[in-house]
Amino acid sequence: MKRIIYTLIGLLAFSVSNAQELETLIDIALNNNPEIQKFELQYKRVSEKINEVNTIPNTEFGVGYFVSEPETRTGAQRFKVSAKQMLPWFGTITSRENYVSSLADAKYEDIVIAKRKLMASVSQSYYNLYANKAKQEVLTENIKLLETYETLALTSVEVGKASAVDVLRLQMRQNEMQQLKDVLSQQFLAKQTNLNNLLNRKNDTAVTVVDSLMMPSEDFEINSENLALHPELLKFDKLYQSVEQSELLNQKESSPMIGFGLDYINVSERPDMNFSDNGKDIVMPMVSVSIPIFNKKYKSQTKQNELEQQEITAQKQERLNTLETLLSKAINERISTRISYETQTKNLKQAKDAEDILIKSYETGTIDFNDVLDIQELQLKFQMNQIESVKTYYVQSVIINYLIQ
């Protein structure tokens, strides 16, 4: 489990302190998340059933009193005490333990799956917070840039090289950016609440995210063969094995049961006779066998087990197909994201070059503030897309790690 955490952390190209922050969040989630605790309690409950099935049938005791005492040669019978113990066929109890143990093994896979999903959810939520924060910072930078342009526009108005309309347009654009920043700020709080809920702590607990994420120079190696070892698929193997154990138990329970017992009958002495066995009590050991002659129940259970195994096999293949589709989609999405990032990087460089040209144009007194707004809008678009590409890359990497690590 720790290996998966370190793989996820290894994707982060930032300082050690920030890497430890995400690792810390994941550890908190694994320790506090109620869903994980639920599955762990279910596993303990199923495991405890081993002690429940490791028993034999109740010992039967009986006491009877002869209201009308029957007379025998040795005396009248007064009361009767009996004890009886049935024993299952050899190996039945062991089969029960193996069956419950196989159910516990399948339930344990639920814990592994839940932990994987939780780690992925925490990481994805973290990257969403990073993208939101990074976009706010970009908006702050662009607002400051527009303020610089506004100062230039005011100066141009004073010398008659620009109109007041240009200033108003720049101010309206600033207002739009400030509005977008305020909306992102509220969305950040909502995303932070989502992450804190995954960690099962107070909603308003502040979350520190990395200052910047870089697109990795190359993708990490993907071994698709590891998909076959995914816990979601291993669970079906464990369920299949539990059905096998269920059938072995069914065969054992269809075998006879052996019983041992003892009857004790109290006999009173005959007062009118004198002989050696007068009033001698009766002790009678007994052996009994319980044979399931009408065993249609067990034959039906065998057929049900066969059908359940076929169902589990089909379910596993269906889930494998789904996971393969998810893996392929994540890989292709990550490739597309890298292409998009590289395109946005080129566009952003060209937008900055255009911005430099506009600044030089101002020195000659020929600046067009409509062009300023157009270039600024393009630059903001490219920066936002770049941040979204980086976030998507890491989110898709988390999905890939969930599937193959």
Exercise for the section: Hey, could you check the range 195-221 for residues that are buried (at least 17 other Cβ atoms within 10 Å of the Cβ) and more than 19 Å from Val390 (Cβ to Cβ) and say which is nearest to the chain's Cα centre (by Cα)? Expected result: Leu198
Practice task
State yes or no: is Arg169 under 16 Å from Glu141 (Cβ atoms), out of contact with any strand residue (DSSP E or B) (no Cβ under 8 Å at 6 or more places or on another chain) and modelled with pLDDT under 95?
Solution key: no
Exercise for the section: Out of the residues in the range 37-59 that are in contact with a strand residue (DSSP E or B) (Cβ under 7 Å, 6 or more places away or on another chain) and β-branched (Val, Ile, Thr), state the one that is surrounded by the most Cβ atoms within 10 Å (Cβ to Cβ). Expected result: Ile56
Fill in the blank from the handout: Considering residues that are farther than 21 Å from Asp281 by Cα and either part of a loop (DSSP other than H, G, I, E, B) or touching an Asp or Glu at 6+ places or on another chain (Cβ under 7 Å) (or both), the number found within the range 48-85 is 8
Completion exercise
The residue from Ser300, Ser340, Ser336, Ser328 that alone is among the small types (Gly, Ala, Ser) and either more than 26 Å from Glu388 (Cβ to Cβ) or part of a loop (DSSP other than H, G, I, E, B) (or both) is Ser300
Handout entry: Boolean, Val159 is over 30 Å from Ile258 (Cβ atoms) and out of contact with any helix residue (DSSP H, G or I) (no Cβ under 7 Å at 6 or more places or on another chain)
Key = yes
Practice task
Under 7 Å between Cβ atoms, at least 6 apart or on separate chains: pull out the pairs that start in the range 154-168 with a residue that is under 13 Å from Tyr362 (Cα atoms) and touching a residue at least 24 places away in the same chain (Cβ under 8 Å) and end on any residue that is in a loop (DSSP other than H, G, I, E, B) and of a type outside the set (Val, Ile, Thr).
Solution key: Ser156/Ala162; Lys161/Gly365
Fill in the blank from the handout: If we keep only residues of the range 263-287 that are among the acidic types (Asp, Glu) and closer than 21 Å to Ser68 by Cβ, then the residue surrounded by the fewest Cβ atoms within 10 Å (Cβ to Cβ) is Asp272
Practice task
Check the range 86-99 and report whether any residue there is surrounded by fewer than 20 Cβ atoms within 10 Å (Cβ to Cβ) and assigned to a strand (DSSP E or B).
Solution key: yes
Handout entry: The listed residue being out of contact with any Phe, Trp or Tyr (no Cβ under 8 Å at 6 or more places or on another chain) and within 30 Å of Thr364 (Cβ to Cβ), out of Gln171, Gln187
Key = Gln171
Practice task
Among the residues of the range 210-264, count how many are small (Gly, Ala, Ser), under 24 Å from Glu306 (Cβ atoms) and in contact (Cβ under 8 Å) with a residue 60 or more places away in the chain.
Solution key: 3
Problem - Residue in the range 288-326 that is surrounded by the fewest Cβ atoms within 10 Å (Cβ to Cβ), counting only those that are more than 13 Å from Tyr240 (Cβ to Cβ) and of a type in the set (Asp, Glu) - result: Glu318
Problem - Only listed residue being within 19 Å of the chain's Cα centre (by Cα), under 22 Å from Ser246 (Cβ atoms) and part of a helix (DSSP H, G or I), chosen from Asp27, Asp110 - result: Asp110
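The values are calculated or read from the model by the stated rules, or taken from the named source; none is laboratory data. Because the structure is a prediction, the values reported are computed rather than measured. A quick note on method: Cβ atoms are made from the backbone with ideal geometry, for glycine too, and the neighbour counts reach across all protein chains shown.
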